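Everything below concerns the one structure shown next.
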Amino acid sequence: MIKLNKIFNPKVLSALAVAGVVATAIMGALEGINGEEKIRDAVKTAPKEDFWAISRHIVPRVVPSFWKTIVIGGATITFIVTSCYMSGLQIAALTGTVASLIAQRDAVEKEIIKLPGGKEALTKVKTEFAKATAEKKLSEKPKPFSIWKCQTIEETGHGDEIFVDEWSGRVFKSSVEHVQAGIDKVNDERDEGTDLPFSDGKDVNFPLATAYNDFYTAWDIEPTGLGATFGYPASDDWYDSRRIDFKIVTLDQKDMDPVMWERYGQRIHLISLSPDYYPMAAYLEY
């Protein structure tokens, strides 16, 4: 035997109501087109009296043209009302079940306490249950906490692309154009250098001493103690070129391992230095 309450449950009735709304709109449009002539005739022959007299004349002549729309609309309303009613019954039933279970539990506990040693036994059962629940929680494998998701990503106001300074590990947002312009600016100043008098009285051009912080400033990120300690000396003896050979390498998802992709969630630009151009400590002493 088919149980109607299993078929016409709130979900099914809600779906039928949605379909009914669409069908009502479509049927109303179609019947409106077909009944246009009857509406015009009814309006033309309507008495020039009060509103109710006009209504009594027009309604009986026009409504039959829209009987399908009326039937579908009525069915839709029925589906909506019934769905709301059945949902209310389900909520009431669940609420009653929970209340009944709580009441029965309290009644059972009261009866247990009356028995000799019942209070101690009930306390022991509750303690063991709480312990088992706690042990189960502890045994569950926690989702690994991604500490890098709390890493500060500095905003420069020059773009939304993520840049990672490979040498220091700093992360900031900018654009390739702005970062490259900063590199070129500091390298141009270092390349131009400064003229200093030598022992023979002639000026000798030395590269400009450059702190790593000079690049941070050019990229519009905060200078650091590390950036002040490390840099490039005012000497041509330590590096093959005065221009620091930075490379901006773009890494898409296919270029990153899963951990790195999870860390950033988008492509990144790696500001890379070859080991030959790493900054040196105490660079001002040379």
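Details
- Leu270 paired with Glu109, simple spin-label distance in nm, labels 7 Å along Cα-to-beta-carbon: 6.0 nm
- Cα principal axis extents for the range 153-192, largest first, Å: 33, 21, 12
- Full extension of the chain segment joining Thr224 with Lys254 gains 7.5 nm, where the gain is 0.36 nm per residue of separation less the Cα-Cα distance.
- Ranked Met280, Met27, criterion: other C-beta atoms within 10 Å, fewest first: Met280, Met27
- Label-point separation in nm, Lys247 to Asp195, each point 7 Å along Cα→Cβ: 3.7 nm
- Potential lengthening of the chain between Ser235 and Lys68 amounts to 50.8 nm, from the contour at 0.36 nm per residue minus the alpha-carbon distance.
- Sorted by Cβ neighbour density within 10 Å, fewest at the top, the residues Phe129, Phe206, Phe230: Phe129, Phe206, Phe230
- Computed E for Ala99/Ala130 - FRET, C-beta separation, R0 25 angstrom, nearest 0.05: 0.60
- Residue order, fewest to most surrounding Cβ atoms within 10 angstrom, among Phe215, Phe172: Phe172, Phe215
- Once the mean of 1/r is taken over each pair of separate Cα atoms and inverted, the range 188-286 shows a Kirkwood hydrodynamic radius of 15.7 Å.
- Out-of-range pairs (alpha-carbon distance over 32 Å; input Lys11/Lys137; Lys11/Lys68; Lys110/Lys136; Lys110/Lys131; Lys11/Lys110): Lys11/Lys137; Lys11/Lys110
Just so you know, all these numbers are worked out from the coordinates, no wet-lab data involved. Nothing here was measured: the structure is a model prediction, and the numbers come from that model. Don't worry about glycine lacking a Cβ; one is built from the backbone with ideal geometry, like all the others, and counts go over all protein chains shown.
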